[in-house]
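Working notes, structure below.
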Amino acid sequence: MLKDVRIAVIGLGYVGLPLAVEFGKIYPVVGFDISAQRIKALKAGHDHTLETSDEALAAAVNLKFTSFIEDIKDCNYYIVGVPTPVDKNKRPDLTPLIKATETVGKVLKRGDIVIYESTVYPGATEEDCVPVLEHFSGLKFNEDFYCGYSPERINPGDKVHTLTLIRKIISGSTPEVADKVDALYNSILKKGTFKASSIKVAEAAKVIENTQRDLNIAFVNELALIFHRMGIDTSEVLEAAGTKWNFLTYKPGLVGGHCIGIDPYYLTHKAQEMGYHPEVILAGRRLNDNMGFYVAQQVIKLMIRKGQKIEGANVLVLGITFKENCSDIRNSRVIDVVTELKDFGCRVDVFDPWAAPAEVLDEYGVQLVPELDKGYDAVVLAVAHDQFMKLDFMTLRNGNGVIYDIKSMLPKEIVDGRL
């Protein structure tokens with residue numbers, strides 16, 4: 001335990017809350033969020049995302065929650081973990097990050113350290129955030145206050161690679177500050193840290209982690225498109241190729257969520273700003289962003305082959321979250337499947353026991369059905385929740401209904417199509 005550490009965590013979502021909880025076990029921590037509803041729920045001891053258990057919240061005995069800026073003014077470490085989305089034109093939207101930075105700037109004091117965890121393009125901390133901190137605090141960067149960057153590596157729904165059990169990248173605006181940030185994080189981490197040489201290096205390392213995954217998935221998605229035309233089962237091809245010792249195992253599918261489907265646009269934005277047009281990264285993004293529409297069109301083709309009437313057909317889509325066993329609906333590409341099926345004239349029911357109905361309605365305009373019906377003309381397994389693996393798909397569809405398995409999780413003999 002370090003001495004004289006008082007931490008404020010700004011943003012209590014998937015990134016901020018686990019940090020606040022772990023630091024709150026040993027240091028005085030104030031968890032700050034602009035959502036009064038979120039603060040009320042956390043004060044009551046429950047995280048609706050289920051990423052942090054009620055027991056873990058209770059164990060953070062030094063953690064307090066607030067939505068009032070006055071409650072964080074006595075802290076000396078400010079950790080910012082707010083979302084960094086893209087806008088409708090796929091351009092980085094730094095609004096939440098800048099707003100959070102303004103909040104910190106209003107209470108910043110001499111000697112304070114501001115650490116960013118949000119995913120950004122290289123240079124964002126020092127070029128976009130630091131001027132805001134200087135403006136609102138009236139202080140000078142690297143003279144009066146300092147910055148660090150330790151990119152989040154939260155994987156929603158993953159109960160194995162949790163915060164304390166992963167290795168984190170850290171960096172600081174000076175070598176001395178990097179050492180302080182390193183010591184702070186090492187006081188809660190069991191796997192230690194990697195100290196990057198600069199904040200920009202740490203920012204770049206984070207943004208390519210998910211860009212690499214995006215490109216690998218784009219590759220197998222393109223393979224799926226090719227092998228479908230050849231009449232070859234992609235899953236069987238990948239299984240065979242996977243017997244080679246250095247073959248990387250990726251599966252085709254929808255690429256959503258707040259990381260893999262978003263982060264590459266931050267890198268390409270900065271590259272274009274520097275006068276370079278990235279070809280491979282954007283090609284992968286275009287391919288992955290179109291997979292939902294492709295799936296819906298394949299479902300329609302299969303229905304037509306079975307003599308189904310498309311206009312007014314009843315279709316069930318199982319899952320709306322961006323991944324299995326997780327409540328996170330951000331940037332879920334399942335909505336592309338739903339939208340395309342509706343455009344063909346189908347009536348679409350969406351069922352997901354993990355998703356919050358109010359959030360889905362607000363984000364996507366989709367009303368989740370509270371329970372499953374029977375006799376659907378088509379059933380689409382979009383998300384591989386454990387609950388779905390126990391369903392009897394043969395009773396969900398009508399006798400001539402289509403079963404389409406996006407996740408390639410169901411027995412091959414019962415499905416009509418899969419990626």
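Before moving on, here are some points about what is shown:
- Each residue of the range 3-18 was assigned a 3J(HN,Hα) from its phi angle through the Karplus curve 6.51 cos²θ - 1.76 cosθ + 1.60 (θ = phi - 60°); the sequence is 8, 6, 10, 10, 10, 10, 9, 9, x, 10, x, 4, 8, x, 4, x Hz, with glycine and proline shown as x.
- Computed on protein heavy atoms with a 1.4 Å probe, the accessible areas place MET274, MET230, MET394 in the order MET274, MET230, MET394, largest first.
- Taking amide hydrogens as placed 1.01 Å from N in the peptide plane, the amide H of ARG397 sits under 5 Å from those of GLY375, TYR376, each at least 5 positions away in sequence or on another chain.
- Under 11 Å, Cβ to Cβ, from LYS191 - net charge with Lys/Arg +1 and Asp/Glu -1: +4
- One chain, two ends: HIS48 and ILE166. Fully extended at 0.36 nm per residue, the span grows by 40.1 nm beyond their Cα-Cα distance.
- Cβ-derived FRET efficiency at R0 35 Å, LYS159 paired with LYS342, nearest 0.05: 0.50
- Residues of the range 289-331 falling in the label zone of ASP233, defined by backbone nitrogen less than 19 Å from a point 7 Å along Cα to beta-carbon, are 299, 302.
- Percent accessible area from carbon and sulfur atoms, the range 293-419, protein chains only, probe 1.4 Å: 49 percent
- Gyration tensor (Cα) of the range 116-165, equivalent ellipsoid semi-axes in angstrom: 30, 11, 8
- Radius of gyration, Dmax [the range 1-128; alpha carbons; angstrom]: 14.5, 46
- Excluding ligands, DNA and RNA, the accessible surface per residue across the range 238-281 is 58 Å² with a 1.4 Å probe.
- Cα-based Rg / Dmax (Å) for the range 346-419: 12.6, 38
- Relative contact order computed over the range 1-139 (Cα-Cα under 8 Å; 6+ residues apart), in percent: 25 percent
- Per-pair calculated FRET efficiency, R0 = 25 Å: LYS88 and ASN216 via Cβ, rounded to 0.05: 0.40
- Projecting the Cα atoms of ALA296, THR339, HIS277 onto the charge dipole of the range 230-363, computed from C-beta unit charges around the Cα centre, puts ALA296 farthest toward the positive end.
- Within the shell defined by Cβ-Cβ distances under 11 Å, the residues around ILE39 carry a net charge of +2, with Lys and Arg each +1 and Asp and Glu each -1.
- Listed peptides 332-344, 156-168 by packing density, highest first (mean Cβ within 10 Å): 332-344, 156-168
- Pairs of lysines in the range 190-325 whose Cα atoms sit within less than 16 Å of one another amount to 5, provided the residues are eight or more positions apart or on different chains.
- Mean shadow area of the range 227-349 over all directions, Cα convex hull, nm²: 10.3 nm²
- Solvent-accessible area of HIS277 with every protein chain in place, 1.4 Å probe, in Å² to the nearest 10: 110 Å²
- Evaluated over the range 80-227, the Cα radius of gyration and Dmax, each in Å: 17.0, 61
- Just the protein heavy atoms count here, and of the accessible area of the range 80-216 at 1.4 Å, carbon and sulfur take up 51 percent.
- Cα pair distances exceeding 40 angstrom across the chain, given as percent: 24 percent
- The LYS25 and ALA358 beta-carbon pair, evaluated with R₀ = 35 Å, returns a calculated FRET efficiency of approximately 0.65.
- Ordering ASP74, ASP93 by accessible surface, largest first, gives ASP74, ASP93; the 1.4 Å probe counts only protein heavy atoms, with every chain in place.
- Per residue, the chain reaches -11000 deg cm²/dmol at 222 nm when only DSSP H runs of four or more residues are counted, each adding -39500 (n - 2.57).
- Cβ-defined net charge surrounding ASP233, 14 Å radius [Lys, Arg +1; Asp, Glu -1]: -1
The values are calculated or read from the model by the stated rules, or taken from the named source; none is laboratory data. Just so we're clear, the structure is a prediction, and the values are computed from it rather than from any experiment. When we count neighbours, we look across all protein chains shown, and the Cβ atoms used for this are built from the backbone with ideal geometry, even at glycine. Just so you know, the surface numbers come from the protein's heavy atoms only, side chains and all, with ligands and any DNA or RNA stripped out. Shrake-Rupley method; radii C 1.70, N 1.55, O 1.52, S 1.80 Å.
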